[in-house]
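Peer 1: Mind looking over this structure? Questions follow.
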Amino acid sequence: MIKHTRALAGSIALAVAAVVAVTAPPSSALTTVESTATRSAVTESTDAVGHTRLREILHRLTTVDGGPGALLEVRNGFGDVVLAGGVSNVGSQAPMDGDSSFRIGSMTKPFVATVMLQLVGEHRVELDAPVERYLPGIVRGHGNDGRVITVRQLLQHTSGLPDYLGSLNPQDVLKDPLAHYDARALVDIALANPPVFEKPGTEWSYSNTNYLLAGMIIEKVTGRTYGEEIQRRIIAPLGLHETSVPGDASAIPGPHPRGYARPGADAPLLDVTAINPSVAGAAGGMISSGTDMNRFLDALVRGELLRPAQLRQMMTTRPTGDPHGRAYGLGLESRRLPCGGRVWGHTGDVFGYETASGATVDGRQATVMVNLDPGGSDAQSDDMQRAIRTALCEKSPTAAR
């Protein structure tokens, strides 16, 4: 997603400001902190030299772009490098730890799409079957009709279904950040609105509702939750030890930075680390790390997780209208690299964290995280994409000198 279309960030940013002005959130879950001078030194957890441009971007993310802290993990054929800058905790000024886990927001979507396409390969789901076949009677009302929307259209955001985040009252989320949200109830919130466009498949519009429904289809077909299927089909086989589908758990396991939101330009940061991720569910509820995201995307684009036919389907893209040329497949974004070829991956925005990951089919990967969202600037998002492009286009460990 790009900054202006991030439904979660866009809706929550208004709520954060409202909640700060109206009522103090529970101190055990959300706290407001004064932002002091950000520690801008960039540390490197490898003996490799070079990476000057990457260090410059990370420094920019944690200074002029306004992020408290940032980390970047790169695998580009010349070894691994982890760069970390800024702080993981604004209150204590503890430096960002390169070995950190964090919420990945919509980078959950490639995991969900991978499970769905595995089910397609097993002939348990048909991509071009109507949603009605798997969820009878669920997608109805106000012109929304699961009888004419296909599974493929859910995964590619061409269903026209409205985004539930546009109708969810975000003030309620932040007033009770540990509350559980049922996926069906969130879908019903969306379906109280008319479709974004009339004929499914003819246009593209990002909607988190699509992936709530995808998670529900996975559960209906397998008898297990989408999280259980991700665990047994992806996390366990790949040994992703820092990746989880937390369900209702509000804590982030292991070392992790605090996650912050910025209600306004001059407002103190709001600590939003502890939140029930069921509000994002199959659309954005997962936790991972730079190491695990790079491993997952590498396995995905190089054919370790999907059969060739299903991988081709996932990587068949359509334009999104993005001025920077972003195209969207089935749960996977594609962008051209300045050095040639394409990067495949996704971005994520969720309470406290903005993330982006990308991989190439020849074995290069990069993941970047800033512990600020919502309230980050467009420059923050642009520099995160610049970090991915720069990391993947470096010719050698010393090319950035």
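The values are calculated or read from the model by the stated rules, or taken from the named source; none is laboratory data. Source: prediction; values computed, not measured. No Cβ is skipped: glycine too gets one built from the backbone with ideal geometry, and neighbour counts run over all protein chains shown. Ligands, DNA and RNA are excluded from the accessible area calculation, which covers all protein heavy atoms including side chains. Shrake-Rupley method; radii C 1.70, N 1.55, O 1.52, S 1.80 Å.
Peer 1: May I ask for the net charge around L117, where only other residues with Cβ less than 14 Å from the Cβ of L117 are counted and Lys, Arg are +1 while Asp, Glu are -1?
Peer 2: +1
Peer 1: Moving to a separate point now. Which log10 I(q)/I(0) values does segment 241-313 give at q = 0.11, 0.24, 0.25 Å⁻¹ under the Debye formula, counting every alpha carbon as one identical point scatterer?
Peer 2: Here log10 of I(q) over I(0) equals -0.42, -1.11, -1.14.
Peer 1: What's the local net charge at R342, with K and R +1, D and E -1, over the other residues with C-beta under 13 Å away?
Peer 2: Numbers: positive: R326, R335, R336, R364, R389; negative: E333, D362.
Charge balance near R342 sits at +3.
Peer 1: How high is the relative contact order of segment 295-390, given as a whole-number percent (alpha carbon pairs under 8 Å, six or more residues apart)?
Peer 2: Details: 153 pairs, mean separation 19.5, N = 96.
Taking the mean separation of contacting Cα pairs over the length of segment 295-390, I get 20 percent.
Peer 1: How large is the accessible surface of M315 in square angstrom, using a 1.4 angstrom probe and rounding to the nearest 10?
Peer 2: Counting only protein heavy atoms, the figure is 40 Å².
Peer 1: Follow-up. Can you compute the equivalent ellipsoid semi-axes for segment 325-370, i.e. the square root of 5 times each eigenvalue of the Cα gyration tensor, sorted largest first and rounded to whole Å?
Peer 2: 20, 12, 9
Peer 1: Given the peptides 168-175, 333-340, arrange them by the average over their residues of other C-beta atoms within 10 Å, most packed first.
Peer 2: Ranked by mean Cβ neighbours within 10 Å, highest first: 168-175, 333-340.
Peer 1: Leaving out ligands, DNA and RNA, what percent of the accessible area of the chain is carbon and sulfur, probe 1.4 Å?
Peer 2: Taking all protein chains in place, the chain shows 51 percent carbon and sulfur surface.
Peer 1: Can you sort D99, D266, D271 by 1.4 Å-probe accessible area, starting with the largest? Could the numbers behind the result be given before it?
Peer 2: Values: D99 85, D266 155, D271 10 Å².
Ranked list, largest accessible area first: D266, D99, D271.
Peer 1: Convert 25 °C to kelvin, take the viscosity as 0.890 mPa s, use the Kirkwood radius over C-alpha pairs of segment 187-345 as Rh, and evaluate the Stokes-Einstein diffusion coefficient in µm²/s, rounded to a whole number.
Peer 2: 134
Peer 1: Let me ask something else. With no solvent and one point on each alpha carbon, what is the Debye value of log10 I(q)/I(0) for segment 201-287 at q = 0.14, 0.21, 0.23 Å⁻¹?
Peer 2: -0.65, -1.08, -1.16
Peer 1: At a probe size of 1.4 Å, how large is the accessible area of S92, to the nearest 10 Å²?
Peer 2: The value for S92 is about 80 Å².
Peer 1: Please list the three semi-axes, largest first and in whole Å, of the ellipsoid equivalent to the chain, using sqrt of 5 times the eigenvalues of its alpha carbon gyration tensor. Walk me through the numbers before you get to the answer.
Peer 2: Numbers: eigenvalues 195, 136, 64 Å².
After scaling each eigenvalue by five and taking roots: 31, 26, 18 Å.
Peer 1: I've got another one for you. Below 15 angstrom from the Cβ of P194, what's the summed charge of the other residues (Lys, Arg +1; Asp, Glu -1)?
Peer 2: -3
Peer 1: Let me ask another. Could you sort the peptides 133-144, 207-218, 289-300 by per-residue average Cβ neighbour count (10 Å cutoff), highest mean leading? The partial results should precede the final answer.
Peer 2: Numbers: 133-144: 15.8, 207-218: 26.5, 289-300: 24.1.
Put in order of decreasing packing, that is 207-218, 289-300, 133-144.
Peer 1: Alpha carbon centre of segment 309-337 versus segment 68-127: separation in Å?
Peer 2: Their Cα centres are 19 Å away from one another.
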